[in-house]
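Written out below as structure tokens is the structure these notes cover.
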Amino acid sequence: MRVLALISLLWAGPVWAQSPADDALIAAQSLTQARTALETASGRSDRVAALTQTVQAYEDGLAALRDGLRRAAIRQLTLETDLEARSDEVARLLGVLQTMGRAPAPILLLHPSGPTGTARSGMMLADVTPALQDKVTELREQLDEVAILRGLQNDALAILEDGLSGAQTARAELSAAIADRTDLPRRFSEDPAQTAVLLASSETLQAFASGLAQTQTNGGPDANTVKGNIPLPVDGRVIRMYEEPDAAGIARPGILIAVRPRALVTTPISATIRYAGPLLDYGNVVILEPAADVMWVLAGLEQVFGEVGQIVPDGTPVGLMGGIITDAQGILTESAQGSAGERTETLYLEVRDRQSAVNPAEWFVFQ
């Protein structure tokens, strides 16, 4: 009966699924693959495309590793708390198992009430043993998982440092490769004097975009065929919708996307660069023309890529977000606290069709 009571107490513990450490380990492997891709990118003819994929691989790998470490830390704490709360029952169970292990088999089968009691105790023991073995196996698996999680935390610092360093190197090489690029077609050449006059005379984003729209050019991409099915230009989460007021009650005719620091911004489809540089209080801005009379305004970048008049194919980097990237030790601290607040930068996206702002949801797919 003592063994049955112990089993009933232990059985109240949770039954766990596959360890989240597996996801963190897979993310660590993806960072290793990104390192290999970075080493081979310099020798490729399409160096910009290769480095773009490498930067995105680093971003995805680091994000997955951060999430995996956070969930692994929560899992480890949960396991250790559960084991600590059940320490008395576990100790008593181990004591019973040790006693049973030392006792000769014939003695275990004897009962003071005689043969009938012995038969009943044998039947009870036969019923209890499989459940007892299951709990022993579960306990062993939990202890093994705690050991794996602790080992993952110990190795994570070096993995994160290498991944962060590789991502920084990949971004720097990408910037250099874009600056050296000469293979993009050009619809027109920028008139610096005209742009300067337009900047000086424009007091709002709407006025500047309207001025650009009046300087029409012939030809160019036509994104109308994929309208409504275009992915966002950056990996992020929409936190303010079209014309939704902010905390100050100000509504803007665009959407606000929360992104990670130093996130890479690309054009999701082919477009012409109409403007790239600082604009009013929006920081650095890139204005793309994916179709006639249509302009996408991307504001809030720290660094912009490309030249006005170039036609950039889909997936081409047009800028980098700003912000300070948390160092490896800081990421581990965040993970230990169960925090994953990493989308600290915001990209403003506005769509203008025939000089009027329209809901970006008409063009892009997002939630």
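Take the residues of segment 186-204 that are touching a residue at least 24 places away in the same chain (Cβ under 8 Å) and among the small types (Gly, Ala, Ser): which is nearest to Val312 (Cα to Cα)? Here the answer is Ser189.
Here Ala156, Ala131 are screened, and the one residue that is in contact with a helix residue (DSSP H, G or I) (Cβ under 7 Å, 6 or more places away or on another chain) and at pLDDT below 70 is Ala131.
For segment 163-177, check the following and say yes or no: at least one residue is outside any strand (DSSP E or B), without any contact (Cβ under 8 Å) to a residue 60 or more places away in the chain and within 16 Å of Val308 (Cβ to Cβ). No, because not a single residue in segment 163-177 is outside any strand (DSSP E or B), without any contact (Cβ under 8 Å) to a residue 60 or more places away in the chain and within 16 Å of Val308 (Cβ to Cβ).
Within segment 304-335, the set of residues being charged (D, E, K, R) and either closer than 30 Å to Pro221 by Cα or in a strand (DSSP E or B) (or both) comprises Glu307, Asp314.
Can you tell me which residue within segment 31-44, out of those that are in contact (Cβ under 8 Å) with a residue 12 or more places away in the chain and surrounded by fewer than 18 Cβ atoms within 10 Å (Cβ to Cβ), is farthest from Ser335 (Cα to Cα)? Reasoning before the result, please.
Here is the first cut: in segment 31-44, the residues in contact (Cβ under 8 Å) with a residue 12 or more places away in the chain are 31, 33-35, 37-38, 41-42.
Within this subset, residues satisfying the condition of being surrounded by fewer than 18 Cβ atoms within 10 Å (Cβ to Cβ) are 33, 42.
Numbers: Gln33: 23, Ser42: 34 Å.
Among them, the one singled out is Ser42.
Val3 meets the stated requirement of being aliphatic (A, V, I, L, M) and modelled with pLDDT under 90.
Given (1) modelled with pLDDT of 95 or more; (2) in contact with a helix residue (DSSP H, G or I) (Cβ under 8 Å, 6 or more places away or on another chain), identify the lone condition not met by Ala291. Just one mismatch for Ala291, condition (1).
The values are calculated or read from the model by the stated rules, or taken from the named source; none is laboratory data. Being a predicted model, the structure only gives us computed values, none of them experimental. Ideal geometry is used to build each Cβ from the backbone, glycine not excepted, and the neighbour counts take in all protein chains shown.
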